[in-house]
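What follows draws every value from the coordinates through simple rules; no lab data is involved. Since the model is a prediction, treat every value here as computed from it, not as a measurement. Every residue, glycine among them, receives a Cβ derived from its backbone with ideal geometry; neighbour counts consider all protein chains shown.
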Amino acid sequence: MEERASGIILRTRTFTETSLIVQWITADLGRIATVAKGARRPKSPFLGKLDLFYEADFSFQRSGRSELHALREVQLTKTHAELRRDLAWVHQASYFGVLIELGTEAETPIREVYELFAAVLKAIPLTKPRARTVLSFELKLLRLLGYDPDFSALNSEGEALAKSLLESSFEELSGLTAASGSHREVNRFVQIAVGTALDRLPPQREKAMEALLPRTTGSS
């Protein structure tokens, strides 16, 4: 019996010479892995439909033996093509996908995680690449995963910035102000928090944050 879902592609990887494994985050089913058989063939019905950050309605045949299910049909709803205009945006979105993979269990629905990813993909291309987008996403995801950070280790300026990053929408981040050095202090704090929660700090974070931290007071 086929099942249907709506989701965003977190990652794809080669499975066989002609097939792909597609990792999705969905609102109702959580993180789910599917095999797109024949997806790498020139005349595949999946051609042009399976790429990073693509949103789609899809159907799949659930496996009774593993967590790898057979992808049947894909109807694209959004490609987020604007993300690909800047490599820094791609690095950020890719890092967020890695965090979701590491921080969630397969097929355990957390609708808020799906909604968070959808929101940040929409917001990323609205401004130049910013460190505060990464920090905000990390803090919001930590909260959703049950690792609500304790900001008492920060000084008053850092604590104020961290709370604003956590509570503000991604669109509101441009309006935040912070004292000189606060972003760097919050960055160090979040690095430790993410590494502790996930047992390691993903190496993709370096690319996501590359050259984005401000040297003085101002927007990032």
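Structural remarks
- Taking the alpha carbon gyration tensor of the chain, multiplying each eigenvalue by 5 and rooting it gives semi-axes of 34, 18, 14 Å, largest first.
- Positive minus negative residues near THR108 (Lys, Arg vs Asp, Glu; Cβ under 15 Å): -4
- Whole-Hz Karplus values for region 185-202 come out as 5, 5, 4, 4, 4, 5, 3, 5, 5, 5, x, 5, 5, 9, 6, 6, 9, x Hz, taken residue by residue from phi with 6.51 cos²θ - 1.76 cosθ + 1.60 and θ = phi - 60°; glycine and proline positions read x.
- Per residue, the convex hull spanned by the alpha carbons of region 84-209 comes to 101 Å³.
- Equivalent-ellipsoid semi-axes of region 2-79, from the Cα gyration tensor, Å, largest first: 17, 15, 11
- Crossing angle, helix 87-103 versus the chain [Cα axis fit, 0-90 degrees, rounded to tens]: 80
- Net charge contributed by nearby residues that have their C-beta within less than 9 Å of LEU20 (K/R +1, D/E -1): +3
- Under the combined filter of DSSP loop state and at most 10 neighbouring Cβ atoms within 10 Å, region 1-90 retains these trypsin sites (Lys or Arg not before Pro): LYS43, ARG65.
- Straight-distance crosslink candidates among lysines, where the alpha carbon sits under 18 Å from LYS207 and sequence neighbours closer than 8 are dropped: LYS128
- Set of lysines with alpha-carbon distance to LYS43 below 30 Å, sequence-local pairs under 8 removed: LYS78
- Region 78-107 and region 147-210 have Cα centres lying 18 Å from one another.
- Low-density loop cleavage sites - GluC sites (Glu not before Pro) in region 63-167, where at most 16 other Cβ are within 10 Å (DSSP): GLU67, GLU105, GLU107
- Rounded to the nearest 5, the antiparallel percentage of DSSP beta bridges internal to region 2-79 is 90%.
- Karplus-derived 3J(HN,Hα) values for region 106-114, using 6.51 cos²θ - 1.76 cosθ + 1.60 with θ = phi - 60°, are 4, 6, 10, x, 9, 3, 4, 5, 4 Hz; glycine and proline are entered as x.
- Ellipsoid semi-axes in whole angstrom, largest first, where each is sqrt(5λ) of the Cα gyration tensor of region 34-75: 18, 12, 9
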